[in-house]
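Below is one structure, written out as structure tokens, with a few remarks after it.
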Amino acid sequence: MQKRIYNFSAGPAILPEDVLLEAQENLFSLPGVGMSILEISHRSKTFDKIIEEAKADLKILLDINDNYEILFLQGGASLQFSMVPLNLMPPKNKADYILTGSWSKKALKEAKRVGAVKIAASTEENKFNRIPKQSELNLDPDASYVHFTSNNTIYGTEWKSEPETGNVPLVCDASSDMLHKKIDVNKYGLIYAGAQKNMGPSGVTLVIIRKDLLERSADSLHTMLNYKIHVENNSMYNTPSTFGIYIIGLVTKWLKKNGGLDAMYKTNKEKAEILYNCIDNSNGFYKGHAQKDSRSLMNVTFNLATEELEKKLISEATAAGFDGLKGHRSVGGLRASIYNAFPKKGLEDLVVFMKEFQSKNG
Ligand SMILES: *Cc1c(COP(=O)(O)O)cnc(C)c1O
């Protein structure tokens, strides 16, 4: 088998080796089926079992009760930027958005096309290096919903607990930290997440929606943009991403086998600490972007003194088998994305590399 390198890509991103190996082994023919997952009908009994098991495993991992529907849609998290306001903003046609990074700004942009949108808080003047405090939120108790981004993939900040929104439904873009820990789904009206960061391949987006909110989806909406239609058709109004759903199913089984989300969270904290400790103990050679109490467990962002030095580190790291450490093109610097599937050993090895780089260049 070919050697694998350390993959710090922000997304599409690393997947568990066990999942890749199982998918590879069964790609020619699913056991007992004689056909590949890439070749079977989404209306077949085999696929029905795959999608139902994926849903059931998500329910177990997150303790999701029967008040919620689980959907696997297409169009990425970016289509949810439109579907959320189109479905949930009426009839009041007003919503609150909390801006903590580029993705929340993109969500806001689409919501503005639908109704009156208020910015409930923004940390843009701090270069999005922190999460706002509850006391900073200017919330309208009569809004249709409040939208926030649980983990800011580009800036490396993450909410430690949900914003309190009273009776106003909370809507969350959890694309880059879904399933990194157990959350209380009951606090949410709707959660959406593109799979390609922490759950599976690109091409499928998980949506968890509280059933009562489906009443807001007007019949006048375009069919493919209507949550109610997707629920009525169990995510199969049209052909879904069958392969994507299959891989999400393997990932949820992998999580269950490895102790569930509490065990995953513990490991994620340990992994992030290895890298943050290295940054904090570097006498300022490495500078973390996020304020300490807002640090993400999934995307660690940091800078060096000059862009030149950053380029040097990235090129030497790449040569040493650490791929994808370049920060997002909009902010520069460095970013290590260390999702669930990223091994602890990779962080230990990266820190050795970073210390050596500092002693040569510091
Ligand atoms: C990657 C990302 C998106 C965009 O996802 P697509 O599936 O490419 O549309 C949206 N929100 C967050 C938080 C992301 O990390």
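With the chain treated as a Gaussian network of Cα nodes joined by springs under 10 Å, which of Leu214, Leu99, Leu170 yields the largest mean-square fluctuation?
Leu214
If each of Gln134 and Ala116 carries a label point 7 Å out from its Cα toward its Cβ, how far apart are those two points in nm?
2.7 nm
Taking other Cβ within 10 Å of each residue's Cβ, how do Val351, Val117 sort, fewest first?
Val351, Val117
Grab the Cα-Cα distance for Asn238 and Asp48, subtract it from 0.36 nm times how many residues apart they are, and report the gain in nm with one decimal.
That pair, Asn238 and Asp48, stretches by 67.0 nm at full extension.
Along the positive direction of the dipole of the chain (beta-carbon charges: Lys, Arg +1; Asp, Glu -1; about the Cα centre), which of Leu334, Ile191, Ser202 reaches farthest?
Checking the options against the dipole of the chain, the answer is Leu334.
Can you figure out the FRET efficiency of Asn281 with Lys345, using R₀ = 22 Å and their beta-carbon distance, to the nearest 0.05?
0.65
How would you rank Ile191, Ile208, going from fewest to most other Cβ atoms within 10 Å of each one's own Cβ?
Fewest-to-most ranking of Ile191, Ile208: Ile208, Ile191.
Let's test the formula: R0 of 41 Å, r as the Cβ-Cβ distance of Asp212 and Leu21. What FRET efficiency results, to the nearest 0.05?
Efficiency computed from Cβ-Cβ geometry: 0.45.
Once you order the gyration tensor axes a ≥ b ≥ c over the Cα atoms, which shape class does the range 156-255 get: rounded for a/c under 1.5, otherwise prolate or oblate by comparing a/b with b/c?
Oblate shape, in that a/c is at least 1.5 and b/c is the bigger or equal ratio.
Could you run the Karplus curve 6.51 cos²θ - 1.76 cosθ + 1.60 with θ = phi - 60° over the range 272-284 and give me ³J(HN,Hα) per residue in whole Hz, x for Gly and Pro?
4, 4, 4, 6, 5, 4, 4, 5, 5, 9, 9, 6, x
Rounded, prolate or oblate: which fits the chain when a ≥ b ≥ c are the square roots of the eigenvalues of the alpha-carbon gyration tensor, with rounded for a/c under 1.5 and prolate only if a/b beats b/c?
Working: a/c = 2.09, a/b = 1.19, b/c = 1.76.
Oblate is the answer for the chain, as a/c is 1.5 or above yet b/c matches or exceeds a/b.
For an R0 of 56 angstrom, estimate the FRET efficiency from the Cβ-Cβ distance between Ile5 and Asn93 and round to the nearest 0.05.
After rounding, the FRET efficiency stands at 0.70.
Using a Gaussian network model of the chain with C-alpha springs under 10 Å, which one of Thr153, Thr242, Thr46 is most mobile by mean-square fluctuation?
Thr46
Just grab the label-to-label distance for Glu356 and Val33, each label 7 Å out from Cα along the Cβ direction, in nm (one decimal).
Calculated label separation equals 4.4 nm.
With springs connecting C-alpha atoms under 10 Å apart, model the chain as a Gaussian network and identify which of Thr123, Thr306, Thr252 has the largest mean-square fluctuation.
Thr306
Work out from phi, with θ = phi - 60° and the Karplus expression 6.51 cos²θ - 1.76 cosθ + 1.60, the ³J(HN,Hα) of each residue of the range 233-243, listed in order in whole Hz, and give x for Gly and Pro.
Along the range 233-243, the couplings run 9, 6, 6, 10, 4, 10, 5, x, 6, 4, 5 Hz.
Quick one: grab the alpha carbon gyration tensor of the range 108-150, order the square roots of its eigenvalues as a ≥ b ≥ c, and give me rounded if a/c is under 1.5, else prolate or oblate depending on whether a/b is larger than b/c.
Oblate, because a/c is 1.5 or more while a/b does not exceed b/c.
Can you tell me which lysines have their Cα less than 19 Å from the Cα of Lys45? Leave out same-chain residues fewer than eight positions away.
Lys55
Out of Gln291, Gly346, Ile70, whose Cα points farthest toward the positive end of the dipole of the chain (charges: +1 Lys, Arg; -1 Asp, Glu; placed on Cβ)?
Positive-end residue among those listed: Gln291.
Of the trypsin sites (Lys or Arg not before Pro) in the range 71-166, which ones lie in a loop per DSSP and count no more than 16 other C-beta atoms within 10 Å? Could the numbers behind the result be given before it?
Values: sites: Lys92, Lys94, Lys105, Lys106, Lys109, Lys112, Arg113, Lys118, Lys127, Arg130, Lys133, Lys160; in loops: Lys92, Lys112, Arg113, Lys127, Arg130, Lys133, Lys160.
Answer in residue order: Lys92, Lys112, Arg113, Lys127, Lys133, Lys160.
Multiplying the sequence separation of Lys256 and Gln291 by 0.36 nm and subtracting their Cα-Cα distance, what value in nm do you get? The partial results should precede the final answer.
On the way: separation 35, 0.36 × 35 = 12.60 nm, distance 3.26 nm.
Gain on stretching Lys256 to Gln291: 9.3 nm.
Taking the Cα centre of the range 18-257 as the origin, how large is its charge dipole in debye, to the nearest 20, when only Lys and Arg (+1) and Asp and Glu (-1) carry charge on their Cβ atoms?
Taking the Cα centre of the range 18-257 as origin, the dipole is about 340 debye.
Values quoted throughout were computed directly from the atomic coordinates according to the rules given, and no laboratory measurement underlies them. Computed from a prediction, not measured in an experiment: that's the story for all the values here. We place every Cβ from the backbone using ideal geometry, glycine too, and count neighbours over all the protein chains shown.
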